[in-house]
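As structure tokens, the structure follows; a few thoughts come after it.
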Amino acid sequence: MVTLCAAAALAAPLGAASAAPATEPEPQRHRTGGPVLPDCQGRPEVRPGAYLLACGDGNSRLDSLRWSRWDARAAVAQGVNVVNDCVPYCAAGTFRSYPVTVRLEAPAGDRGAGEPRFTRISVTYTDGRPAGAPRTVSYPLPG
């Protein structure tokens with residue numbers, strides 16, 4: 001059950017956020033070179049300090065992101081993935097933090113605004129990980 005909840009939380013990168021505690025700083029929404037990262041609503045962000053992965057239920061987010069690279073090909077950050085363990089079930093679960101490296105890749109042009117957007121995010125757990133999660137998880141990004 002825990003594995004199922006953790007996998008569902010990690011595999012839900014689209015939708016509307018609802019339950020995650022929100023204490024992250026306001027991300028930059030203007031372009032400062034290189035592609036942008038679309039948030040859950042498709043708004044462009046540049047070097048955000050936090051990013052919601054599980055937009056549908058808020059059970060997985062990236063926090064304390066420190067970007068060491070952000071250019072036309074890729075972006076790399078260190079931070080933590082805060083994931084609901086869903087024990088005994090998701091509504092009563094505990095949020096647990098796991099150190100991660102985040103990589104954004106595969107920029108593509110946006111048909112609307114014309115600014116390129118990263119289209120893939122990879123999260124690599126560097127010290128521990130949610131039950132049943134692989135060491136590296138990759139998701140397509142909204143675009």
List the pairs whose first member sits in the stretch 42-62 and is closer than 19 Å to P99 by Cβ, whose second member is surrounded by fewer than 20 Cβ atoms within 10 Å (Cβ to Cβ) and of a type in the set (G, A, S), and whose Cβ atoms are under 6 Å apart, counting only residues at least 6 apart or on separate chains?
L52/A17; A54/A12
The condition from (1) under 18 Å from P99 (Cα atoms); (2) touching a Gly at 6+ places or on another chain (Cβ under 8 Å); (3) buried (at least 17 other Cβ atoms within 10 Å of the Cβ); (4) not β-branched (V, I, T) that R66 misses is numbered (3)
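Restricting the search to the stretch 56-76, which residues are part of a strand (DSSP E or B) and within 11 Å of the chain's Cα centre (by Cα)?
Residues of the stretch 56-76 part of a strand (DSSP E or B): 60-70, 75-76.
Correct list: S60, R61, L62, D63, L65.
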When the stretch 77-95 is examined, which residues are found to be part of a strand (DSSP E or B), farther than 17 Å from R120 by Cβ and among the hydrophobic types (A, V, I, L, M, F, W, C)?
V80, V82, V83, F95
Single residue of the stretch 96-114 satisfying the filter (surrounded by 14 or more Cβ atoms within 10 Å (Cβ to Cβ) and part of a loop (DSSP other than H, G, I, E, B)) that is modelled with the lowest pLDDT:
D110
Can you report the number of residues in the stretch 49-98 which are more than 29 Å from E115 (Cα to Cα) and either among the β-branched types (V, I, T) or touching a Pro at 6+ places or on another chain (Cβ under 6 Å) (or both)?
4
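The values are calculated or read from the model by the stated rules, or taken from the named source; none is laboratory data. The model shown is predicted, which means the values in this text are computed figures rather than measured ones. Please note: Cβ atoms are built from the backbone with ideal geometry, for glycine as well, and neighbour counts cover all protein chains shown.
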